[in-house]
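A quick write-up on the structure given underneath.
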Amino acid sequence: MGNMTSLFSVTLLLNGPNFGGELPSSLFQLKNLIYITIMSNLGKDWSLPTNAQVGDDTQLEQIVLVRNNFSGAIPSWIAKLEKLQTLDLSMNNFQGAIPEAIGDLSSIKYFNLLGNNFTETIPSSLGKLPAIEVLILGNNALQGELPASIGNLQTLTLLDVGSNMLTSTIPSSFANLKSLKYLVLESNRFNGTVDVLESMKNLTVLLIRSNSFIGALPDVLFSGTSDNIVVDIGDNKFTEELPTSFADMSNLVSLIGAKNSFVDSATMKDVCDNTALLVMDCDACECCEVCCDGDDGLDYVAGAGVY
C-alpha cells in the first residue's frame, strides 16, 4: 500500500469483503492521503499499528473508524499527525488510557471516543488543543476529576463526558468556556454546586442527570441564548425553587427535573405553560401534566424515552 502515492482517500463501509486485522503502517505514510474512513465493519477484529513512521509532510486530515471491532490502545504516533482535524474512534473496543500526547494535535477540531473501554483519568493535556470544537469521551470507564485545563478551550462548543466514573466538582475554570453550547455530564459521580454554569452564556443543552449536584440552580442560567433549550437535571440533590427566569423562556422546550429535593411548588405556572416537555417530582410541580412520585414515576419517564 505504501506504493500508492496518489491515493487521497480510503473508505471501507458496511462489512465489505470481510475485512479486518491490523491496518498497515504504510497507510499512514502516504503523503497525499487525506481521509481514512472505516465504518460498520464488524466481521473481524481490527487494530491500529503499534508503530508508524509519520513524516512532517503527512496530509492526513480525517480518521473515522466508527462502529468496528477495533481494540487495543491509541498509539502515541497519532499525535504526530499535525494536520489531523477529525479523529473519531467511537463505538469500538479501544482500551487503556487516553495518551497525554493527544494534546499535541494542534489542528484537531473533532475528537470522539464515545462507547469504548478507556480507563484511568482524562489527561490534562487535552486542555492544550487550540482548535478543538467537539470533545466526546462519554460511555467509557474514565475515573478521577475533570481537568481544570479544559477550561482553556475557547473554541469548544460540545463537551460530553457522560456515563463514566468521574468525581469532583465542575472546575471553576469552566467559566471561561464562552463558546460552549452542549454540556453532557450525566451518569457520573459529580458533586457540588453548578454555579459556574451561569457564565456559559451560549449554553443550550445541559444533561447532568444522575450525579450528586447540590444547591440551587443559577437564576441567570440560559439567559444569553435564543436557541431551543434542553435540560435534564434529574436524579441529583438540587434544592430551593427553579430559577424565576425559566418562567420567561419561550425557548425552554424540555426540562426534566424529577428526583431532586426542590421545595414544594418549586415550579411556576408559566414554566408549565411555556415548556413542551416538563417532568418534575409531583410535590414540586402542582401544574405539571407529567410528574414523578417515587420510582414508579421514574419508570414511566424511562418508558417514554426521556430517562
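The values are calculated or read from the model by the stated rules, or taken from the named source; none is laboratory data. What you see is a predicted model; the values in this text were computed from it and never measured. We place every Cβ from the backbone using ideal geometry, glycine too, and count neighbours over all the protein chains shown. Remember, those area values only see protein heavy atoms, side chains included, never the ligands or the DNA or RNA. Shrake-Rupley method; radii C 1.70, N 1.55, O 1.52, S 1.80 Å.
One table, with the values for the structure above:
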item	result
Flag for LEU114 being surrounded by 21 or more Cβ atoms within 10 Å (Cβ to Cβ), in contact with an Asp or Glu (Cβ under 9 Å, 6 or more places away or on another chain) and modelled with pLDDT of 95 or more	no
From the options LEU197, LEU158, LEU166, LEU207, residue that is in contact with a strand residue (DSSP E or B) (Cβ under 8 Å, 6 or more places away or on another chain), over 25 Å from GLN85 (Cα atoms), open to solvent by 10 Å² or more (accessible area, probe 1.4 Å) and among the aliphatic types (A, V, I, L, M)	LEU207
Filter result (under 15 Å from ILE132 (Cα atoms) and either part of a helix (DSSP H, G or I) or open to solvent by 60 Å² or more (accessible area, probe 1.4 Å) (or both)) within the range 79-100	ALA79, GLU82, LYS83, GLN85
Number of the condition not met by SER76 [criteria: (1) of a type in the set (Ser, Thr, Tyr); (2) at pLDDT 95 or above; (3) surrounded by fewer than 17 Cβ atoms within 10 Å (Cβ to Cβ)]	(2)
Conditions (1) open to solvent by less than 30 Å² (accessible area, probe 1.4 Å); (2) at pLDDT 90 or above; (3) within 18 Å of LEU114 (Cβ to Cβ): number failed by LEU33	(3)
Qualifying positions in the range 252-277 - at pLDDT 90 or above and at positive phi	LYS259
Strands (runs of 3 or more DSSP E) wholly inside the range 120-191 containing at least 3 residues that are hydrophobic (A, V, I, L, M, F, W, C) and in contact (Cβ under 8 Å) with a residue 24 or more places away in the chain	134-136
Residues that are open to solvent by less than 60 Å² (accessible area, probe 1.4 Å) and within 20 Å of the chain's Cα centre (by Cα), drawn from the range 48-67	GLN62, ILE63, VAL64, LEU65, VAL66
Condition check for MET280: open to solvent by 20 Å² or more (accessible area, probe 1.4 Å) and modelled with pLDDT of 90 or more	no
